[in-house]
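This report refers to the structure that appears directly beneath it.
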Amino acid sequence: MTATLEHTLEQLFVQNNNDQTTATVGYDCKLIVGEDQIEIGCHRAILQARSPVLSDIIVRQSSTAYADDASILKIYFPDDDAEAMSAIVQYCYTNTISTRQISTPQLADNLLLAVKNFGLDRDPLGILCKNILAAL
């Protein structure tokens, strides 16, 4: 069975964010999110390809926001919700999101706000968020 690109990217995302022993292998960007500074490992190229807003942020900060390890770009989103941001990043990798992930009206609202902020509101994810909020 041949793996799809979306499946391969999903596995890459899951590996980089769930396996603490290899979490620093492969990605070149960390999103530091919320008051608790939750770290989400990801790849600049994937975020840039999916979101024009994230692309602009990455380009602007790529020369100033490096961690001690100069190969990993750290971008801070102190006012964003970590669960919503994780869902956005997962969507960027897989082009899908499970409605089970959006478990509360607050999360759906936070996700919709993030979708708008990152220029994805006309994307199917934005439509899904609006539909979930309408149903709640």
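General remarks:
- All positions within the range 102-123 that are free of Cβ contacts under 8 Å to residues at least 40 places away in the same chain and either within 19 Å of residue 43 (Cβ to Cβ) or surrounded by 15 or more Cβ atoms within 10 Å (Cβ to Cβ) (or both): 102, 107, 108, 109, 110, 111, 112, 113, 114, 115, 121, 123
- Qualifying residue in the range 38-61 (condition: in contact (Cβ under 8 Å) with a residue 12 or more places away in the chain, in a loop (DSSP other than H, G, I, E, B) and closer than 19 Å to residue 26 by Cα): yes
- Looking across the range 21-54 at every residue that is open to solvent by less than 30 Å² (accessible area, probe 1.4 Å) and among the small types (Gly, Ala, Ser), the one that is modelled with the lowest pLDDT is identified as 23.
The values are calculated or read from the model by the stated rules, or taken from the named source; none is laboratory data. Keep in mind the model is a prediction, meaning the values are calculated, not measured. Please note: Cβ atoms are built from the backbone with ideal geometry, for glycine as well, and neighbour counts cover all protein chains shown. Just the protein is used for accessible areas: all its heavy atoms, side chains included, with ligands, DNA and RNA removed. Shrake-Rupley method; radii C 1.70, N 1.55, O 1.52, S 1.80 Å.
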